[in-house]
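Below you'll find the structure, written out as structure tokens, and then a few comments.
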């Protein structure tokens, strides 16, 4: 019987956890000493389930009798001192007073789990070169973040021998259906929600929460709170407006090239290209970049929700107003709606739905913009 509220939370999480068999097997092998791996590097886009996986790791480690230290890097000052202080505080130890204190003394034989590891970029080198090598050999470490591991994790022969890398992807249809079933969604509603969620764990969980109330949406645009949550997940680490505009252009274009970005964000094109290339929900093909289908769907839903209202107002040109509410997500929709109007001569605007061409329209090539089906007709002509 559970004796703490935390036990009830852990039980509920375990009942609804689905998929990730390879990642669980890898962690169990580390935990039980069946593998030479000691450090697992987990990465993937926002909402893909990194935190959920770490919480499952945490429960399994405690069940195995290990001491567990779980840190949220967003709450840690990215400096060696800040990291050790946060870890000591999480373990309930005094901090900031012991000269030369090493965290290795506090977690000997334990399991260190760090969520949001991309926030610790400034001390990635220190962790890799000084801190982690000093840990006892029977420790297990999991670093989970949005960014793929830095090159030294893979290029150094020593780290290569003890590191396992896992890129989290979408759930498959069976896993998505199982997630909905465990959430209490009626069987008749599941196929539609699986289609809308495209296997993205955050989207599936939010859709399940909506569906148990009896509402099964036909389109993402019918659930604006869900769209807002997914947009925030996509845009949370965009450093500037140019990067958000570039993401919107990438979602609208069949294939994004640096030349196309230069038409949209000007001299920032190189920087924006490099940022987009590193996004885990953006795929690099031989001729350019294109986003995950869900990213297209979410932005299309935002167009549908905001587009006609934005277009109805005067001044959508360069000096036009910001979208209602002034949110970053709204700014993306605003700029993306303006994008086709700024498309230079020689570029083709192609109307399509959710990243797919209309039947018989043919597939556009590089530099051709796909106008979302909900964008106003006047933009198809190349300007207001």
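Read the figures in this text as sums done on the coordinates, not as results from a lab. Remember, it's a predicted structure, so these values are computed and weren't measured experimentally. When we count neighbours, we look across all protein chains shown, and the Cβ atoms used for this are built from the backbone with ideal geometry, even at glycine.
Take the stretch 98-212, drop everything but the C-alpha atoms, weight them equally and run the Debye formula without solvent; then report log10 I(q)/I(0) at 0.10 Å⁻¹ to two decimals. For the requested q values the scattering log ratios are -0.49. Simple spin-label estimate for residue 28 and residue 62 gives 2.0 nm between the two label positions (7 Å along the Cα-to-Cβ direction from each Cα).
In a fully extended conformation the segment linking residue 174 and residue 154 would gain 3.9 nm over its present Cα-Cα distance, using 0.36 nm per residue.
What is the log10 of I(q)/I(0) for the stretch 5-167, computed with the Debye formula using one identical point scatterer on each Cα and no solvent, at q = 0.21 Å⁻¹? Rounded to two decimals, the profile gives -1.68. Taking 0.36 nm per residue of separation and subtracting the Cα-Cα distance, full extension of the segment from residue 14 to residue 222 would add 71.9 nm. Distance between the 7 Å Cα→Cβ label points at residue 77 and residue 209: 3.3 nm.
Across the alpha-carbon atoms of the stretch 173-218, the computed radius of gyration and Dmax are 8.7, 23 angstrom.
Just report the Cα centroid separation between the stretch 180-249 and the stretch 138-174, whole Å. The stretch 180-249 and the stretch 138-174 have Cα centres separated by 27 Å.
Placing dummy labels 7 Å off each Cα toward the beta-carbon, the span from residue 241 to residue 262 is 2.3 nm.
Stretching the chain fully between residue 167 and residue 36 yields a gain of 45.2 nm (0.36 nm per residue, less the alpha carbon separation). If you take all C-alpha pairs in the stretch 161-263, what percent of them are over 19 Å apart? Value for the stretch 161-263 (Cα pairs over 19 Å): 56 percent. Plainly put, the stretch 116-182 has a radius of gyration that is 1.10 times its Kirkwood radius, both from alpha-carbon atoms, as the Rg/Rh ratio.
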